[in-house]
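*Asks:* Below is one structure. I have some questions about it.
The values are calculated or read from the model by the stated rules, or taken from the named source; none is laboratory data. What you see is a predicted model; the values in this text were computed from it and never measured. Here the Cβ is made from the backbone with ideal geometry for all residues, glycine too, and neighbour counts use every protein chain on show. Calculation scope for accessible area: heavy atoms of the full protein, side chains included, ligands and nucleic acids excluded. Shrake-Rupley method; radii C 1.70, N 1.55, O 1.52, S 1.80 Å.
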Amino acid sequence: MARADSAGAAPDTTDAPDATARVLARAAVNAMEAVGGYAAGVYLRSPTTGLLLMAVFTGLPLQLFRPWWRMQVNRPFPVAEAYRSGQAVLLPDAESTMSRFPQLMAGLPFPFASLYEPVIDGTERFGVLVVLREATPGIPVGTADRERLRLAAERLAAELAALTAAGARVVWEGDPVGGPAPPPEAGAEGARRAADRLAQAVLSLDRQGRIGYVNTAAEHLLGIGGPQLQGKLLWQALPWLGHPAYEDHFRAGFMSGEPVHFAARRGRHAPGQWLSVDLYPSVDGVTLTLGTSAKPAYAPTSRAGRDPGADPAVAADADVDVDADVDVDLDASADEASALYRPVALAIALTEAVTARQVSAVVTEELLPAFGGRQLAIYLLDERHLYLAWETGFPMGFLNRFDGVSLDVRLPGVETLTTGRPMFFESMQHLAAAYPGIPLDADVGARAFLPLIASGRPVGSCILGFDAPRGFSAEERTALTALAGLIAQALARARRYDSEAALARGLQSALLPHRLPVREHVATVGRYLPGTQGMEVGGDWYDVVETGTGLLALVIGDVQGHGVAAAATMGQLRSAVRAFALSGSTPEQVVSGTNQLLIDLDPGQFASCCYMLLDPESGSVMAARAGHPQPLLRHPDGRTEVLDLAGGVVLGIDPEASYPVTELRLTTDSVLALYTDGLVEKPGTDIDVGVERLRAALAAARPAPLAETADRLISEAGNAADRPDDIALLLASRTD
């Protein structure tokens, strides 16, 4: 529930949690009705920094959305994007969702629209208001609906701000709560009599999955009277339908609006009986029909591959009758759902991981908690030897003895890869008996050894450690094996990225200047920082060129994109600029010639550039700019301004583009700062804000030594863990 911390002599807020829940629920319902949605909810910030929690959700069954109850704000999901950026995210159809947020579609591959509006009051970010509605393929969200959603979020923000002003710190803890909904209707008498004549079992559900009407055939089939079912959640009344294997079907029915048909296996009341289940959804509810059927030729299975009618405690034993009398507990199903959805959560998270280290970190965060593990080790294969790539939880130095072992050595981590079979040891004694003399890091516990194989090619092996002895059900074994396949694919992809990144970094390093010219009356300093996402290298560059006429050319540029291609294009442009500069060309000629070269080299590629020609003796400067951020100029008295240089379009777009020249003067002890947009741009923040922040930092810095000034300007960006773009900075100062 929500938590409110009282402060000072504020009014009594002991009911703040309930008050917050009521405010959120009312806002969700109002927003849903305002834009014609069928479900809505609110994510609220939590006591954990960077974590949003689903606080209230109405219109759809909560348990179907358990994997999305928690949302890290740095994840590429629309909820997180709306919160980070402070801007609405409006996705009218599946195509727009897939193009912008493929991770969301990976878990919810249904046609629906989703609208996300941040809940902000001034500088206070409370969370995000979410509305789901029917998709409108190819038709964007209309202006009227945008405004209605914005107003709903503003009203909610004002109410939450009022709670805060009353002494409450509004955050959310724990699970979400369902919003208000009208009581399920039993239906008109005529409709009841008509449905009761049917031989097919019919139940009516509201949009939250609560049972309303139950016809006579359903009572007979289920052996439960209608009054005992009405008002209950479907999965509470009929726990066997709450198995994780069926959740995708229910999600599809509730979200897509299309009929859904599947087979389900009953539990205690009719063990082994298969029923056909049909869902017929509409905006006001879902009609569910049940019919007897023989076991389907291909029985539906859970994500982990186990027959959903089987008892997980006995399914591993091939001699045990899986049609035994089984009662599926709803809470147990929910716990299983959490574990079974780990493949989805892991797959989604792995799409964001680029390097092998990032993949390993994701596995630590997603895999270990799902199965209660404490230790993890990942070994990667190279030249028929396994090398330790990642470890956590093992005694320091214990795994070093296994680093670099050959595939000929008899060790479980080796044999799981060479045989392609996972190995599970329910206790350390079992492991010691299977591999006499093997060094053990503990006397008590359990271990799982998983082969990492991608597309039939061995990648490495994964070791999971548990502090206590434990069994591994058939479902868990299948799930872990499937997860190992996902991990292997991600690692194989990461190794390819690592190889390309190493090539790109080498190319980038070779192309950037290793030293800048030393001239009287002028000091220059350059800095470069790669991005922390993707290939970690891009097309940013800087250069200082001594021309044949005694002038000094200051250059900074930014090629679109990242990776080897961007670095290669950057190298070509840098060489072209140097050639033009050395030939004595004017700034306009240099930029125009480089523009034409880029068009000839790579149509469709573009770059920004700022070129300045400085006379060290007089301080006069002639500058030409092609779509690049305006430089900064710090005067000797500390006054710092953003220059207003005339300019043309970015390079590579228009062969007829012109690039006018601006003249200015660099006085003694003044500092000129040229930079790329990675230094001033942040997602969700106007670039002018970043430019002003850089201007203020330059104004506050000491003008000398220049290297110290450069380090200060770039330090904040250098310390950022998440830096989507690379950064180049070039400073020039007049000296005596």
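*Asks:* Between region 398-453 and region 564-624, how many Å separate their Cα centres?
*Replies:* Region 398-453 and region 564-624 have Cα centres spaced 58 Å from each other.
*Asks:* Leaving ligands, DNA and RNA out of it, rank Met54, Met98 by accessible area with a 1.4 Å probe, largest first.
*Replies:* Values: Met54 5, Met98 100 Å².
The ranking, largest first, comes out as Met98, Met54.
*Asks:* For region 20-101, max minus min Cα coordinate along each principal axis, in Å, sorted largest first?
*Replies:* The principal-axis extents, from largest down, are 33, 31, 26 Å.
*Asks:* Within 10 Å, count the other beta carbons around each residue, average over each peptide in 107-116, 513-522, and list them highest first.
*Replies:* 107-116, 513-522
*Asks:* Let me check something: with ligands and nucleic acids excluded, how do Glu134, Glu588, Glu663 order by accessible area (1.4 Å probe), largest to smallest?
*Replies:* Working: Glu134 110, Glu588 65, Glu663 145 Å².
Highest to lowest solvent-accessible surface, that is Glu663, Glu134, Glu588.
*Asks:* Once ligands and nucleic acids are excluded and a 1.4 Å probe is used, how much of Arg193 is accessible, expressed in Å² to the nearest 10?
*Replies:* Probe radius 1.4 Å; accessible area of Arg193 about 120 Å².
*Asks:* On a 1.4 Å probe surface of the protein chains, which of Trp172, Trp390, Trp240 comes out largest in accessible area, and what is the full order? Intermediate results must be reported in sequence, preceding the final value.
*Replies:* Working: Trp172 0, Trp390 45, Trp240 20 Å².
The ranking, largest first, comes out as Trp390, Trp240, Trp172.
*Asks:* Per residue, how many Å² of accessible area does region 415-457 show with a 1.4 Å probe?
*Replies:* Details: 2060 Å² over 43 residues.
Solvent-accessible surface per residue comes out at 48 Å².
*Asks:* Find the centroid of the Cα atoms in region 97-143 and in region 353-387, then give the distance between the two in whole Å.
*Replies:* With region 97-143 and region 353-387 each reduced to a Cα centre, they are spaced 32 Å.
*Asks:* Please compute P(r) over all alpha-carbon pairs of region 364-458, binned at 10 Å starting from zero, and give each bin as a whole-number percent.
*Replies:* Binned Cα distances yield the sequence 14, 50, 33, 2.
*Asks:* Solvent-accessible area of Thr287, probe 1.4 Å, all protein chains present, reported in Å² to the nearest ten, please.
*Replies:* Accessible area, nearest 10 Å²: 50 Å².
*Asks:* Heavy-atom accessible area of Ile378 with all protein chains present, probe 1.4 Å, nearest 10 Å²?
*Replies:* Number for this one is 0 Å².
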